[in-house]
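Have a look at the structure below before the remarks.
The values are calculated or read from the model by the stated rules, or taken from the named source; none is laboratory data. In this text the structure is predicted, and so the values were computed from the model without any measurement. Positions of Cβ are generated from backbone atoms using ideal geometry, with glycine treated the same way; all protein chains shown enter the neighbour counts.
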Amino acid sequence: MNVYPKVPRYDHPVVPSDFFDSESLALIEKVDGSSFRFTLYDERHTACYPEQVIDAADGDNSLVFGTRNTIRGSHRDALDAIDGALRRAVRCLGEGIDSAALRRLHDEFDGPVVVYAENLVYSTIDYGYTESKLPALVGFDILPYAEIDTMVPSGNPYEETHEGFLDLEEAWAVFDRIRVAEAPTDVSFVPATVLEQPAGGFDPASYTFPTSSLSDTVRVEGVVARSSDRSRRVKLVREAFRERNREQFGQRPEDAESGAEYVVATYCTPGRIRKQVRQMVVEEEYEFGLHLNDDLYPRVVEDIWAENWRELMDLDVSFTPADIYPLVAKRCITELRTMRTNAELNDADPTALWRHLG
């Protein structure tokens, strides 16, 4: 399954100067979740598939799925063998996707297709995950295998275009054909919302971001402008989302305003926090919950020092060790809240979330 091309910001140098003059321009809601893709394994077209897809398939008509960079398995795999952050999405493949309809498409496109979607898990924007039922997958693009030149992008990823992808009308018609309309909402597949289709002359710098289609209490993360004429997708992300994203996942080291912020941005990663949570809950039998942070954040600081002390001693920035603790505590409580929400959403153990995703 082809890795989805990188989508540049609207002001990136690779974006053609006349992109927003395209008559085929459409603005699609950019959903805040996690990258997901799937394809139907059809033995009639075995020669089309890469080895990873064939290995992951569990017989004819398996829906093989993956995250952005890695093939993960098929919808026939046991749920407890699947990463916890993917379980609702995988249930959607079994209950929300019409595999027979998808198989019929293979005859129309001279082979299989890759469906790209957003796995709706809590990342930065809370659409009301614990208060309302939300769809599991939001589809936004489709690529027929017949249009794939290479399974792995090469060179500058931002120079890769969306040549060969279905245009808006055709892709959304396919989404409607393959989705099971009667599926329960929480395991359903829906197409991304088309916000508007300006007839050229669009000015991204003055765009006003609307309310999300997923919740009437939050604004969209951003929008993706797509053009069939230009074979490109371009994103506009609102500044408030970028600021909230930095708060949720930590700022980048280059944005740090103090030595302590730089250390935390560099070394206090989500993976390091989750590693300590798993050790505490699985190996030491702590009860999972936000209260865990009382013991968690000092252990994360200790782990940073134990593993990276040589680098910390040689840093070109100065910092006061005591200043690291409150920053790490803030990052840890944010990560615990995210784990709690997504565990509930996916009916999974919090320690089973994001074990090896990429």
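Counted as qualifying within the range 1-70 are the strands (runs of 3 or more DSSP E) with 3 or more residues that are within 25 Å of Pro204 (Cβ to Cβ), namely 26-30. Any residue in the range 283-292 that is closer than 30 Å to Arg91 by Cα, loosely packed, with under 13 Cβ neighbours inside 10 Å and out of contact with any helix residue (DSSP H, G or I) (no Cβ under 8 Å at 6 or more places or on another chain)? Looking for residues that are closer than 30 Å to Arg91 by Cα, loosely packed, with under 13 Cβ neighbours inside 10 Å and out of contact with any helix residue (DSSP H, G or I) (no Cβ under 8 Å at 6 or more places or on another chain), one finds at least one in the range 283-292, hence yes. Of the candidates Arg179, Arg103, Arg91, the single residue that is basic (Lys, Arg), more than 23 Å from Ser34 (Cα to Cα) and touching a residue at least 60 places away in the same chain (Cβ under 8 Å) is Arg103.
For Cys268, only one of the following conditions fails: (1) in contact with a Gly (Cβ under 8 Å, 6 or more places away or on another chain); (2) surrounded by 19 or more Cβ atoms within 10 Å (Cβ to Cβ); (3) at pLDDT 90 or above; (4) under 30 Å from Ser132 (Cβ atoms). What is its number? Checking Cys268 against (1) in contact with a Gly (Cβ under 8 Å, 6 or more places away or on another chain); (2) surrounded by 19 or more Cβ atoms within 10 Å (Cβ to Cβ); (3) at pLDDT 90 or above; (4) under 30 Å from Ser132 (Cβ atoms), the one that fails is (4).
Report yes if some residue within the range 136-155 is part of a loop (DSSP other than H, G, I, E, B), hydroxyl-bearing (Ser, Thr, Tyr) and modelled with pLDDT under 95; otherwise report no. Yes, the conditions are met somewhere in the range 136-155.
Tell me which residues, restricted to the range 158-206, are among the β-branched types (Val, Ile, Thr) and surrounded by fewer than 20 Cβ atoms within 10 Å (Cβ to Cβ).
Correct list: Thr161, Val180, Thr185, Thr193, Val194.
Candidates are the residues of the range 241-265 that are among the acidic types (Asp, Glu) and at pLDDT below 90; the one that is nearest to Val223 (Cα to Cα) is Glu243. Among the residues in the range 306-321, are any of a type outside the set (Asp, Glu), closer than 29 Å to Thr124 by Cα and either outside the structural domain of Arg274 (by TED's automatic domain parsing) or crowded, with 18+ Cβ neighbours inside 10 Å (or both)? No; the residues of the range 306-321 include none that is of a type outside the set (Asp, Glu), closer than 29 Å to Thr124 by Cα and either outside the structural domain of Arg274 (by TED's automatic domain parsing) or crowded, with 18+ Cβ neighbours inside 10 Å (or both).
Here Asp77 clears all of (1) assigned to a loop (DSSP other than H, G, I, E, B); (2) among the acidic types (Asp, Glu); (3) loosely packed, with under 15 Cβ neighbours inside 10 Å except the condition numbered (3).
Every residue, every condition in (1) part of a helix (DSSP H, G or I); (2) surrounded by 15 or more Cβ atoms within 10 Å (Cβ to Cβ), yes or no:
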position	(1), (2)
Ile273	yes, yes
Pro326	yes, no
Ala329	yes, yes
Asn342	yes, yes
Ala348	no, yes
